[in-house]
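Below you'll find the structure, written out as structure tokens, and then a few comments.
The values are calculated or read from the model by the stated rules, or taken from the named source; none is laboratory data. Note that the coordinates shown come from a computational prediction; the quantities given were computed from them, not determined experimentally. Glycine also receives a Cβ, built like all others from the backbone with ideal geometry; neighbour counts cover every protein chain displayed. Each accessible area value is taken on the protein alone, full model and side chains, heavy atoms only, with ligands, DNA and RNA left out. Shrake-Rupley method; radii C 1.70, N 1.55, O 1.52, S 1.80 Å.
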Amino acid sequence: MANPKLLIVEDDDGLCSQYRWAFPACSVLLAHARPQAVALVKRESPPVAIMDLGLPPDPDGVSEGFATLEEVLRIAPQTKVIVVTGNGERKTALRAIASGAYDFCEKPIEIEVLRTIIERGLNLHRLEEENRRLAAAPGLSPIERIITGDPGMLKICRDIEKIATTNVPVLLLGESGTGKEALARAVHDLGPRAKGPFIAINCGAIPENLLESELFGHERGAFTGAVKQSIGKIELAHTGTLFLDEVGDLPHPLQVKLLRFLQDQVVERVGGRQKIQVDVRIVSATNVNLEDKISRGLFRGDLLYRMNAFTIRVPPLRARGSDTILLANFFLNRFNQEFGRRLRGFTDEANAAMIAHDWPGNVRELENRLKRAVVMSDHRMVDAADLELAAREGGVPDLDLRTARLRAENDVIKAALARSNNTLSLAARLLGVSRPTLYGLLEAHGLINEAVRTMDGSRPAVIAGETALQNDRG
């Protein structure tokens, strides 16, 4: 591996020679004035620079030094600039930090101190480069709107690619904010209906007395206020895709009418008698347990069977491994561009807090927290307070191998529980273990709620995130 580049911006030849001697592990680039420094930054993109603020033509002042600092950071904001100031000029040093400098060092220079600052700057630059590379790699996912490196989500993306070429109904199950609408759009965009309309309707956001008209349309005079004919969402989706979000909230009378439409692809507007033939693909989504609603008589089983020719279970963000950090960097870059900010990354405390957080609002919550942090942060790095997350005690996760293995095992178990919809027998099969072994793992990782036991002595309930599993007697 080539030595990292270190730019020295200094007009004193003697100091330049000392710097070259002091940092043999770096490829040293020398500039004596602003034009040289700017040219080297443009050509070499050094990760770290040492800059004396007293540069010609103002060697006794700092105006030229600050002008050089500003231009260097404008060209290469990722470069870690360490400014060198005279003894007792701490106010100038702090002004440089506020202007974007990474750190400062006072004269006379202590080489060991400066070497430590440079090493920290190089390490931070490497981490930021890796974060930028990951954030710019949505190619990990074959679906444009889905950014993931999680094996489970990648499999879902591949399944979506296959399903999209068919014309059968698709049901997406998962918590709010997990990206169900993005997957529904992928079903549309990757299929033969891509040139047709994609029409979305949230069944839980529209009052029951208006929902029928929204879906099926109405004729003029069909009810009070119906002063003109209105085309419903189903008709508008002709030759395309209709996305029924929160379909579990559909009122029972409309479930009957939707079932009839799914059977014959014919709609009849409210107040009308004409039967209208349409050609629509249905993609549905819900965050509720439809099987439970069926057992309580709140949802029709025959409608579910019509809608779920293919069922995709979308895991929550907390079960998607490193996706939290991957998405956080993606949103940081996007909002930096959108709001004209230059935040460079996340502090260790912010990364640890994001990893520890359960993300009940999933990707949508992460996006909103990042948007606020980018707008409101007063620092160069986003910290836990900017994200309104509690800083995790101990900072970054323990790097001890045994601890890391246990942490990875815990994540995989939670992911299996999420993907199996908290069905222990299915989770055990996904993990390739027996149910007794899974019970032992749950207990070892503290996922068993000892307080929740049935009166007849059956197995305790299991807590996975915020969801309690039903007792499994198998």
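Quick notes on this one:
- Residues of region 38-58 satisfying the condition of being out of contact with any helix residue (DSSP H, G or I) (no Cβ under 8 Å at 6 or more places or on another chain) and either surrounded by 13 or more Cβ atoms within 10 Å (Cβ to Cβ) or among the β-branched types (Val, Ile, Thr) (or both): 40, 44, 45
- Among (1) touching a Cys at 6+ places or on another chain (Cβ under 6 Å); (2) more than 23 Å from residue 342 (Cα to Cα) - the single one residue 113 does not satisfy: (1)
- For region 226-236, the candidate set comprises residues that are open to solvent by less than 40 Å² (accessible area, probe 1.4 Å) and part of a helix (DSSP H, G or I); within that set, the residue that is farthest from residue 261 (Cα to Cα) is 235.
- Residues (of a type outside the set (Gly, Ala, Ser) and closer than 15 Å to residue 258 by Cβ) located in region 299-332: 299, 300, 302, 303, 304, 305, 306, 307, 308
- Test result for residue 279, outside any helix (DSSP H, G or I) and among the charged types (D, E, K, R): yes
- Long-range neighbours under 8 Å by Cβ, at least six apart or interchain, first residue free of Cβ contacts under 8 Å to residues at least 40 places away in the same chain within region 262-281, second of a type in the set (Val, Ile, Thr) and assigned to a loop (DSSP other than H, G, I, E, B): 265/278; 265/280; 266/278
- Where helices (runs of 4 or more DSSP H) fall entirely within region 140-225, those with at least 3 residues that are within 21 Å of residue 248 (Cα to Cα) are at 180-189, 208-216.
- Some residue of region 24-37 being open to solvent by less than 70 Å² (accessible area, probe 1.4 Å), among the β-branched types (Val, Ile, Thr), farther than 25 Å from residue 341 by Cα and modelled with pLDDT of 90 or more: yes
- Flag for residue 2 being in contact (Cβ under 8 Å) with a residue 24 or more places away in the chain, assigned to a loop (DSSP other than H, G, I, E, B) and either more than 27 Å from residue 379 (Cα to Cα) or open to solvent by 20 Å² or more (accessible area, probe 1.4 Å) (or both): yes
- Only a single criterion out of (1) surrounded by 14 or more Cβ atoms within 10 Å (Cβ to Cβ); (2) aliphatic (A, V, I, L, M); (3) within 37 Å of the chain's Cα centre (by Cα) is not satisfied by residue 270, namely (3).
- Residue match in region 82-91 (condition: buried (at least 17 other Cβ atoms within 10 Å of the Cβ) and modelled with pLDDT of 90 or more): yes
- Among residues of region 151-188, those that are among the polar types (S, T, N, Q) and over 22 Å from the mean Cα position of the chain (by Cα), counted: 3
- Candidates are the residues of region 237-267 that are open to solvent by less than 20 Å² (accessible area, probe 1.4 Å), in a strand (DSSP E or B) and over 13 Å from residue 307 (Cβ atoms); the one that is modelled with the highest pLDDT is 241.
- Qualifying positions in region 353-371 - under 18 Å from residue 181 (Cβ atoms), without any contact (Cβ under 8 Å) to a residue 60 or more places away in the chain and among the aliphatic types (A, V, I, L, M): 366
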